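A quick write-up on the structure given underneath.
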Amino acid sequence: MPNFPFAPGRWRHLATAVLAALSLAACALGPDFQSPADDLAGDYQVSAPEGDTARADGPGGQAQRFTDGAPLAADWYRLFGSPALNDLIHQAMENSPSLRASQASLRQAAHQLEAVSGSDLPDLDLSGGATRQRSNGARIGQDNPMFNSVFNLYETRLALSYDLDPFGASDRETEAQAAQVAYAQNLLRGSMLTLVDNVVVTTVRLAALRDRVAASEAIVNLQSDQASLLGDQEQAGSVAFADVLRARAQLADTRAGLPALRHQLAVTEHALAQLVGADPATFQAPPLSLKDLNLPADLPLSLPSELVRQRPDILAAEERLHAANAQVGLATARLYPSLSLTASLGTLANHGDALFEPAAKVWSLGANITAPLFHGGTLRANKKAAEAAWEAEYARYRDTVLGAFVQVADVLDAIERDADALEARDHSLEANRDSLALVSKQYRAGAAGYLDVLSAEQRYNQALLSRIDAVRQRYVDTAALYHALGGGWWDAPQRDATPERNDRTAAAPAAP
């Protein structure tokens, strides 16, 4: 029979003890996490204006309407109908340094989870060594002296150890780190959503500034022609020189505003270069105008129960709460005993050539239990601190949810007001155009002074520029709605297979 360290009966007793300990290990102490999303969602409402928004003529003037529960596409930015904008977003996804940082943070958290999960498995180590020793001449028994001697000692050992974790401390630690991975994953989703929104908003701002520059340059050209014409008329004696001076002064004022406007255009182009990860010195933004963009007519509106499971910031706050909940369980488990099993098999000899002889074999089996008796109140204080940390994270989670619903409410109201504002700007532009035409006719007939013409021109030019700003705001707030609703990341074509705990966190866009 092989020389087993225990008889078969003793092995059965040891196996029974191990199985009993492993069954205890399935019991993790502390509260099991339950998502508060559904409970909090019931406290809030999402209501959009009924019917279509106001409609205006010209680019960006179409009416918009909301549809409750409508799907939200991950590539919602394509609804603006601009291939150039689509290319900018693709470039940003490929090259954005901020996105690369979020992706690296997710990988770091995933590797840390691998490290923590490894503690659930047995540890197996191989060691070997050689030492030279000298005895101290002590007597072992009255008739068995040990004389001074110097000798060599050679050893090889294969050691196995396993922490049974009967109260789930390791399980809670793994659960906390898994929540950190999900937290980092939702931060990445949030970074992607913010990046897309920033590219859209910056591109729209750039297009609006180009339109403002173009309109201002057209006004300068018109005023320059008008000042030249008045100069010719003054030479012929048909107008007063004062009118010529007023025309030249207005032209100079308009020209003086162009450098600041062009600077805003350059700054916005540089900001777009940073978003797409390009060198601002060589980056060439596409020559878009607001008329090159389409305003989406049908807008989605998510239900409260969907919103709390769509927005990456809410999901990230929930995972922080989950991690804090697991830390409470970990602190609770550390109040109870820990149990570990050890085993080793090796050889020990005082001559290297005898190291692998049968007589050199050594082995050991052991079980260790450690029960905390007195730690000066540290363990219970740590548990109370973990509970307080959970309460803090819960308050932050509620604040995040509240902020999300406030943002959605603000955007819904803004979209309705933007449509009203553009309609009013159209009426203002039409009225000022008619006023300018009438005053110009009266001036030519000698029934009005040139000051009246200048005043009418200024009001018309301001109305023209204000309409450009109103159109820009409609595009910006439409993009803000998709951002506020979560951006549709769950419908992205590429997905990360990381398993999580609910439908909205079951998949994430793969790294570009």
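The values are calculated or read from the model by the stated rules, or taken from the named source; none is laboratory data. These figures come from a predicted structure and were not determined experimentally. All Cβ positions, even for glycine, are placed from backbone atoms using ideal geometry, and neighbour counts span all protein chains on display. Note: accessible area is taken over every heavy atom of the protein model, side chains too, but ligands, DNA and RNA are not part of it. Shrake-Rupley method; radii C 1.70, N 1.55, O 1.52, S 1.80 Å.
Distance distribution P(r), the chain, all Cα-Cα pairs, bin width 10 angstrom from 0: 3, 13, 16, 16, 13, 11, 9, 7, 5, 3, 2, 1, 1, 0, 0 percent. Reducing segment 145-191 and segment 345-387 to their Cα centroids gives an inter-centroid distance of 13 Å. For segment 377-452, the calculated P(r), taken from all Cα-Cα distances in 10 Å bins from zero up to the bin holding the longest distance, is 15, 17, 14, 13, 11, 10, 8, 6, 4, 1 percent. Against the longest alpha carbon principal axis of the chain, how many degrees, from 0 to 90 and to the nearest 10, is the axis of helix 312-333 turned? On a 0 to 90 degree scale, this one is about 20. Grouping the Cα pair distances of segment 36-190 into 10 Å bins from zero gives a pair-distance distribution of 7, 14, 17, 18, 13, 10, 7, 5, 4, 3, 2, 0 percent in increasing distance order. Take segment 427-480 with all the other protein chains still there, run a 1.4 Å probe, and you get 49 Å² of accessible area per residue. Placing one identical point scatterer on every Cα of segment 56-133 and ignoring solvent, what is log10 I(q)/I(0) from the Debye formula at q = 0.23 Å⁻¹? One equal scatterer on each Cα of segment 56-133 leads to -1.13. Note on surface exposure: GLU357, GLU175, GLU319, GLU423 rank GLU357, GLU423, GLU175, GLU319 by accessible area, highest first, 1.4 Å probe. Within the set of other residues whose C-beta is less than 15 Å from the C-beta of ILE369, count the net charge using Lys and Arg as +1 and Asp and Glu as -1. So the environment of ILE369 carries a net charge of -1. Using equal-weight Cα scatterers in the Debye expression, the normalised intensity of segment 322-366 in log10 at q = 0.31 Å⁻¹ is -1.00. Between ALA381 and SER238, the simple spin-label model (points 7 angstrom out along Cα→Cβ) gives 9.6 nm. Among the protein heavy atoms, those of HIS90 account for about 110 Å² of accessible surface (1.4 Å probe, every chain in place). As a fraction of the 1.4 Å probe accessible area of segment 311-401, surface on carbon and sulfur atoms comes out at 57 percent. Evaluated on segment 313-404, the Kirkwood hydrodynamic radius is 17.5 Å, with distances taken between all distinct Cα atoms. Once the 1.4 Å probe is applied to the protein heavy atoms, segment 156-262 comes out at 42 Å² accessible per residue.
Note that segment 338-410 presents 66 Å² accessible area per residue, ligands and nucleic acids not counted, probe 1.4 Å. Seen from ALA208, the other residues with C-beta closer than 12 Å to its C-beta sum to a net charge of +4, counting Lys and Arg as +1 and Asp and Glu as -1.
To the nearest 10, the accessible area of THR378 is 70 Å² with a 1.4 Å probe.
Note: relative contact order over the chain, using C-alpha pairs below 8 Å and six or more positions apart, is 26 percent. A full extension of the chain between ASP353 and LEU402 corresponds to an added length of 10.1 nm, given 0.36 nm per residue minus the alpha carbon distance.
With the simple spin-label model, which puts each label point 7 Å out from Cα in the Cβ direction, the ARG100 to ALA214 separation comes to 3.5 nm.
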